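Undergrad: Input: one structure, supplied below.
The values are calculated or read from the model by the stated rules, or taken from the named source; none is laboratory data. Predicted model only: the values in this text are computed from it and were never measured. Please note: Cβ atoms are built from the backbone with ideal geometry, for glycine as well, and neighbour counts cover all protein chains shown.
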Amino acid sequence: MKQIKIKGGNILSGDINISGAKNSAVALIPASLLSDEEVRIDNIPNISDIDALNEILEYLGASVKRDGSLMIIDSHNIKNKKIPESISKKLRASYYFMSALLGKYKRVEMYFPGGCSIGTRPIDQTLKTFRALGATVIEDGNKYTITADKLVGTTIQLDMPSVGATVNTLLVAVRAEGETILKNAAKEPEIVSVATFLNQMGAKIVGAGTSEIRIEGVDYLGSCFTEVIPDRIEAGTYLIAGALIGKDLTIRNMIPEHISSLTSKLKEMGCKLKIGKDYITISKSDNLTPVKIKTLGYPGFPTDLQQPITTLLTQVNGTSILEETIYENRFQNVPYLNQMGSNIEIKERTIKIKGPTKLVGATVEATDLRAGACLVLAGLVAEGETTVTEIKHVLRGYENIIEKLQNVGAKIELEEI
Ligand code: EPZ
C-alpha cells in the first residue's frame, strides 16, 4: 500500500507546471475509437486512470503507442467485444467506451462504471440518451447490453447538466443519422475539448460549452491531432496550497478563466493573486475572511474543488458555509480534518467550518481522489508530521504530485508499506 508522509509548515515558493486535464483525457481516449484512422493526443497526464483506459483499448485490439505525453491510437481493426467488469469498474470514464462502441458499431456489452465513492452516481441520463437515439438497453444486474438497428438524431433534454451524459451523447450522436439537439447540456471546458477533438476528426458539432449542443451525424471520422487542455482542478488545488502556505507560488501552463469561480472566491476571502495569460501567482495572506460557497456545474464553483478549499476555510477568521449540490457523499474528508484539529459540522449537504483552527499532523486516510487532495493540503500546513494512507486515490488524478510539491519546498515523501 502506498502512503504519503508530510512535514508541515514549509513555505511553498517557485513554479508548479500544470499537466493535461484528467477529465478531458479520459474522454478523448475512448472518443478516439470513433476514428477509422490513427489519432494523436498530446499532453496526456501520466496518471493511473490513463493506464486503465489503455488496458481497455488494448483489450479491444487497438494499437496504442506512447512517447512521453503523446499517445498514438489506431483503432481501425479493433474487435467490439464485451469489456469485463474487472476493467470497467476501475474508473467512471470507462463508460465513455460504452457510447463510443455504440456509436461506431451499434452494439456494446459493458458493466456499470467505477469511480470515486462520493455518491450513487447513476447513469440514467446516459441510458436515456441511448434510448432516445434508437438503442435498446438491456440491464442485467451490473451488465448492460445495448443494441440499435440504426441510430437516428433527435432532440434530447437532460434532467440535469450531467458531464458524463453530455460527453456520452456526443460520442453516440456523431455517428447517428441526422441532427441531434442536446438541451440542458453540461458546459465544462472538458466537454468543449471533446467536441473540438471530434470536429477535428470530421464531426459536425456546434454549441459545445453552452447548454444547447447540435450534432449532425456523419458517416466517417478520420485522423486528427489534439492536445489535452490544462487540468483546471489540479491548478485550483495548487492555488489553494499557495493561499494556505505559499510565497510567490506560481501555477503555470493553466487557463485562469477555467477556474474563475475559484479565483473570485479567493479574492473575496482577501487573497492577493497575480493573474497572467497562462499563470497565476499567489502568496499566503493573513486575516482571510469567511465565505459562502455552493458547488454548481461550470462555470459555477466546481464540486471537485470543494474538498480542497475546505482545508483553506479551516484557516480563515470566522465561520464559512459550504453547500455541495452535486454529490450526496462528498464530505468523507471532514472527520479526518476534525481529527487534525479543524472545527467542521456536517448538516446534510452543507458544512459549517469555524476558523481559524490549528491543524496538527495525524495519520489520515484518502477516501477518494479530492478528499485525499484536501488532506495533503492539510498536511502541508499542519504542525508536525501527517501520514495520508490509501494515496492511490490521489495518484489517480494528480500527475507527479510528490515531485511538484517537493520542487517548491514541501517536505513530502511517498512511502510503500
Ligand atoms: C464528471 O463526473 C467528473 N469525472 C467528476 O470528477 C466531476 O465531479 C463531475 O463530472 C461533475 O463536474 C470525470 O469527468 C471522469 P455528472 P460525472 O454526470 O460525469 C447526477 C473528479 O474528482 N447524475 O455531472 O460522473 C448524480 O447525482 C471526478 O475528477 C444523475 O443523476 O458527473 C451525479 O452525482 C469526481 N444521473 C451528478 O449528477 C446521471 O445519469 C454529477 O454527475 C448522471 C449524473
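Undergrad: Output the qualifying pairs, or none if there are none: Cβ atoms under 7 angstrom, residues six or more apart or on different chains, first residue in the range 139-153 and without any contact (Cβ under 8 Å) to a residue 40 or more places away in the chain, second residue outside any strand (DSSP E or B).
TA: Short answer, once both residue conditions are applied: V152/L133; V152/G134; V152/A176; V152/G178.
Undergrad: Now a separate question. Could you please find all residues in the range 401-417 being in contact with a helix residue (DSSP H, G or I) (Cβ under 9 Å, 6 or more places away or on another chain), aliphatic (A, V, I, L, M) and not in a helix (DSSP H, G or I)?
TA: Across the range 401-417, the qualifying residues are V408, A410, I412, L414.
Undergrad: Of everything in the range 191-215, what is closer than 20 Å to I29 by Cα and of a type in the set (S, T, N, Q)? Give them in sequence order.
TA: S193, T196, N199, Q200
Listed here are the residues, each with its yes/no results for (1) modelled with pLDDT under 90; (2) within 14 Å of the ligand (Cβ to nearest atom).
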| position | (1), (2) |
| --- | --- |
| I78 | no, no |
| P84 | yes, no |
| Y105 | no, no |
| V108 | no, no |
| C116 | yes, yes |
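Undergrad: Quick one: in the range 152-164, which of the residues that are over 14 Å from K128 (Cβ atoms) and hydrophobic (A, V, I, L, M, F, W, C) is farthest from the ligand (Cβ to nearest atom)?
TA: V152
Undergrad: When you go through I233, I191 one by one, which is the residue that is in the same structural domain as R66 (by TED's automatic domain parsing), part of a helix (DSSP H, G or I) and under 17 Å from the mean Cα position of the chain (by Cα)?
TA: Only one candidate passes the filter, namely I191.
Undergrad: Only one of I138, I118 is of a type in the set (V, I, T), surrounded by fewer than 18 Cβ atoms within 10 Å (Cβ to Cβ) and not in a helix (DSSP H, G or I). Can you tell me which?
TA: Going through I138, I118 in turn, just one is of a type in the set (V, I, T), surrounded by fewer than 18 Cβ atoms within 10 Å (Cβ to Cβ) and not in a helix (DSSP H, G or I): I138.
Undergrad: Here's something else I'd like to know. Residue by residue through the range 165-202, note down the ones that are of a type in the set (A, V, I, L, M, F, W, C), touching a residue at least 40 places away in the same chain (Cβ under 8 Å) and away from the ligand (no atom under 15 Å from the Cβ).
TA: Result: A173, V174, A176, L198, M201.
Undergrad: A follow-up question, please. Go through the range 343-400 and give me each residue that's part of a helix (DSSP H, G or I) and not hydrophobic (A, V, I, L, M, F, W, C).
TA: Within the range 343-400, R370, G372, G379, K392, H393 meet the criteria.
Undergrad: Taking the range 62-87 only, how many residues are free of Cβ contacts under 8 Å to residues at least 40 places away in the same chain and under 14 Å from I29 (Cα atoms)?
TA: 8
Undergrad: Are any residues in the range 358-387 within 16 Å of the ligand (Cβ to nearest atom) and either among the acidic types (D, E) or under 21 Å from G246 (Cβ atoms) (or both), and if so, which ones?
TA: Passing the criteria: D368, R370, G372, A373, C374, L375, V376, L377.
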